[in-house]
Amino acid sequence: MTVLNWTDTALWRLMGSPAAAIAVVTRNPAAKAQEAADALIKAGFTAEILTDLDEDVPAGAMVFVNTNAFKGTTLIFRLHIRKMGPRPPRWVM
């Protein structure tokens, strides 16, 4: 499960202001996001790949695909939580 920080309104807007997200854990987020985007475009939908939106997440660890295939939903391709590096300071409770 991926929980997004919707309290970061600037980041939320960059992602296209989604109401929900579908996350897929993968070893290569960029490649899988590109595969998904290509398939969506081939099927007649839009697909915009967004990378490195959150400075607290290591570069390339989480890639978003915004599409009109799912109303109000973005796709997320990400590394396994153990591969994403240390917990960012703002996540520490």
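The values are calculated or read from the model by the stated rules, or taken from the named source; none is laboratory data. All values derive from a computational prediction rather than experimental measurement. Here Cβ is always computed from backbone atoms with ideal geometry, including for glycine, and neighbour counts include all displayed protein chains.
Hey, among the residues in region 54-75 that are modelled with pLDDT of 90 or more and of a type in the set (V, I, T), which one's surrounded by the fewest Cβ atoms within 10 Å (Cβ to Cβ)?
By that ranking, first place goes to T67.
Scan region 25-53 for residues that are at pLDDT below 90 and hydrophobic (A, V, I, L, M, F, W, C) and report the count.
In the first step, residues of region 25-53 are kept if they are at pLDDT below 90; the result is 52-53.
If we keep only those that are hydrophobic (A, V, I, L, M, F, W, C) too, we end up with 53.
Number satisfying all stated conditions: 1.
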